[in-house]
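Reviewing the structure listed below.
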Amino acid sequence: MGAGELLLHAERYRDLAVDLPTQKPAVLRQVLLPILVDALGYPGEAGDWLAMMRAGALTPEQRDTLTAYLGEHRARFDLFDPVDPFAQVAGLRTTKGETKGSALLVATAATGNNVPLFASRTEGDPLELTPAQAARWLLHTHCWDTAAIKTGAVGDPRVKAGKTTGNPTGPLGQLGVVMPLGSTLFETLVLNIPFGRTRLSDDLPQWRRRDTTGRVEDTLSCALPAWRERASRGPLDLWTWQSRRIRLIPEDTPAGVRVTRVVVAAGDRLTVTPDHEPHTAWRLTPTPKRPRTGAAAKRPIPAELPRRHQTGKAGWRGLEAFLAVDREQRDARGDRAGFRTSVLLDQLGGVRDRLPATYPLRVELTGIAYGNQSAVVEDLYVDSIPLPLVALDPEGPLCSSLLEAAEQAEQLASALNHLSGDLMRAAGSEPIPWDRGQRPGETLLYALDAPARMLLLDLRGNPEDVEATERVLEKWERHAAEHTWKVAEQVLAGTAPGVFSGRRVIKDRTEHVYRLATAEQGFRARLATVLPRWNAARRAARAAASPESTPSRSEG
């Protein structure tokens, strides 16, 4: 299916099917979103944007405009055009005419130093890509390609000794992608379009910057081997950023046209991730405690930096950044970083009361973890979390409730780690370092993943009912306590006999006594403090029980 057919009837589809989750933001940003915005323009204000959401599909007039646009630019989307191939440079070559295997485009394939763990193929195995596969991986490379040395191309004045150095990763590799999703592909597209923007005259998608004459500094052309380091002119320019100069080399095979060889060279470099980047949350830089001196003083400290996703950390554990729609409340203070949510979630927060409170909003998070100077792909980050619209109100009770639940999970993990550490000290050893081994807190956070996601879904079901919200939070705390005690039982069951009597440790001239009884007592106290609803229900149940009854350990 072509991009035009998909856009014209986007309401018929729920989502995009891709080879790898990181291809989805690449396809949306490099093709679907810029076509839609370049053809129809940005929604002028919130009312125009809401009208598109409520319509659920393009109007007949919008379909006509989009059809005319696609017809006008149809030739620019030919993947193998000999004169102007889509998102490539025609005739791109090295001085020796060398090419490389198409695996160079595929993030999960073995090539050069990038050898994924447990890969089923080697660099020597030819990888035949269909035109559709090659197109998706082409877009993926522009967004996520690894950094470091790239092949030098004829016509690139910056080539030295047949190569270019200092190449950064693709622009999405420098941030953690935060993408709102709707119930249909059309709604997803609208959710990812900023409204109220004044478009600059040179904010154009890459297929409208294809001059083959003149200086690249003047034309901003991406159809030549030459490239430049510059700032983005706006979202259309940013979405279709050509971070590499690429040529796909098709060949006829018995199975049809296939791409087995490619040329990948240096492309345009962003000077900085701009504040109009809509698909990332931001980390607000804290003020240094002491004035910087020397060379460091000459380098300005960015006020905001893109917030990357942390591999192994579930998306719901980062709610403090996604719900930071009011900068003043989440600003950096002292030496502690603050947060600001993405442009798109902030936009949704402003119109949340004009959309159904139960709208099934999801937030998809994607990212790539690089290794060895960002020259290899180490891991992918992919997660999707339901997010109640009402939670985007920074003054609302639901926002504080979600932040409280996320913080409770972290505090429970910390309580388990303290319990484990105290027991290990009582046994005469040292606690497990935070960056080594498997600590019990991580086991708990993994176990809490399903209850946390159920909490988000339950809160989205009836977000304006205060009593219903309180029942959902009580349910969450009950499940959290149960899972915490399950892990705690395992920790306590593995204690050595010596921990009953314990041992005394003098640290900083202060004597500390570590034994089983005090460790468990401290853990119970932390649990009661972290989970006040569960603790209140437990106390009420204990008061209602007969005097002879005694609580089990799982009840605290």
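The values are calculated or read from the model by the stated rules, or taken from the named source; none is laboratory data. Bear in mind the structure is a predicted one, so any value in this text is a computation, not a measurement. Glycine also receives a Cβ, built like all others from the backbone with ideal geometry; neighbour counts cover every protein chain displayed.
Mind checking which helices (runs of 4 or more DSSP H) fall wholly inside segment 1-61 and carry at least 2 residues that are within 24 Å of Thr280 (Cβ to Cβ) and of a type outside the set (A, V, I, L, M)?
23-27, 33-40
Having 3 or more residues that are under 31 Å from the mean Cα position of the chain (by Cα) and charged (D, E, K, R) is the bar; report the strands (runs of 3 or more DSSP E) wholly within segment 198-292 that clear it.
It comes to 244-253.
Is it true that Thr122 is more than 15 Å from Val263 (Cα to Cα), modelled with pLDDT of 95 or more, among the polar types (S, T, N, Q) and surrounded by fewer than 17 Cβ atoms within 10 Å (Cβ to Cβ)?
When the stated conditions are applied, Thr122 does not pass them.
Could we say that Val363 is out of contact with any Ser or Thr (no Cβ under 6 Å at 6 or more places or on another chain) and not hydroxyl-bearing (Ser, Thr, Tyr) here?
yes
Does segment 75-93 include one or more residues that are modelled with pLDDT of 95 or more, polar (S, T, N, Q), outside any loop (DSSP other than H, G, I, E, B) and surrounded by 17 or more Cβ atoms within 10 Å (Cβ to Cβ)?
Scanning segment 75-93 turns up no residue that is modelled with pLDDT of 95 or more, polar (S, T, N, Q), outside any loop (DSSP other than H, G, I, E, B) and surrounded by 17 or more Cβ atoms within 10 Å (Cβ to Cβ).
Within segment 295-314, take every residue that is under 19 Å from Pro171 (Cβ atoms) and at pLDDT below 90 and give me the one that is farthest from the chain's Cα centre (by Cα).
Per the criteria, the residue is Pro302.
Is it the case that segment 437-453 has a residue that's in contact with a helix residue (DSSP H, G or I) (Cβ under 6 Å, 6 or more places away or on another chain), aromatic (Phe, Trp, Tyr) and assigned to a helix (DSSP H, G or I)?
no
Can you work out which of the residues in segment 189-203 that are surrounded by fewer than 18 Cβ atoms within 10 Å (Cβ to Cβ) and polar (S, T, N, Q) is farthest from Trp49 (Cα to Cα)?
So, considering only residues that are surrounded by fewer than 18 Cβ atoms within 10 Å (Cβ to Cβ) and polar (S, T, N, Q), the one farthest from Trp49 (Cα to Cα) is Ser201.
Suppose we keep only residues that are surrounded by 15 or more Cβ atoms within 10 Å (Cβ to Cβ) and over 18 Å from Trp534 (Cα atoms) within segment 462-490. Which one would you say is farthest from the chain's Cα centre (by Cα)?
Within segment 462-490, the match that is farthest from the chain's Cα centre (by Cα) is Asn462.
Among the residues of segment 259-279, write down those that are buried (at least 20 other Cβ atoms within 10 Å of the Cβ) and among the charged types (D, E, K, R).
Answer for segment 259-279, where residues must be buried (at least 20 other Cβ atoms within 10 Å of the Cβ) and among the charged types (D, E, K, R): Asp268, Glu277.
Restricting to segment 396-453, and then to whatever is charged (D, E, K, R) and at pLDDT 85 or above, can you tell me which residue is farthest from the chain's Cα centre (by Cα)?
Ranking the qualifying residues of segment 396-453, first place goes to Arg439.
Could you check segment 347-395 and list, in sequence order, the residues that are small (Gly, Ala, Ser), within 25 Å of Asn462 (Cβ to Cβ) and surrounded by fewer than 17 Cβ atoms within 10 Å (Cβ to Cβ)?
Scanning segment 347-395 gives Gly350, Ala357, Ser384.
Being over 20 Å from Pro194 (Cα atoms), buried (at least 16 other Cβ atoms within 10 Å of the Cβ), under 28 Å from the mean Cα position of the chain (by Cα) and not acidic (Asp, Glu) is true for just one of Pro21, Pro43. Which residue is that?
Result of the check over Pro21, Pro43: Pro21.
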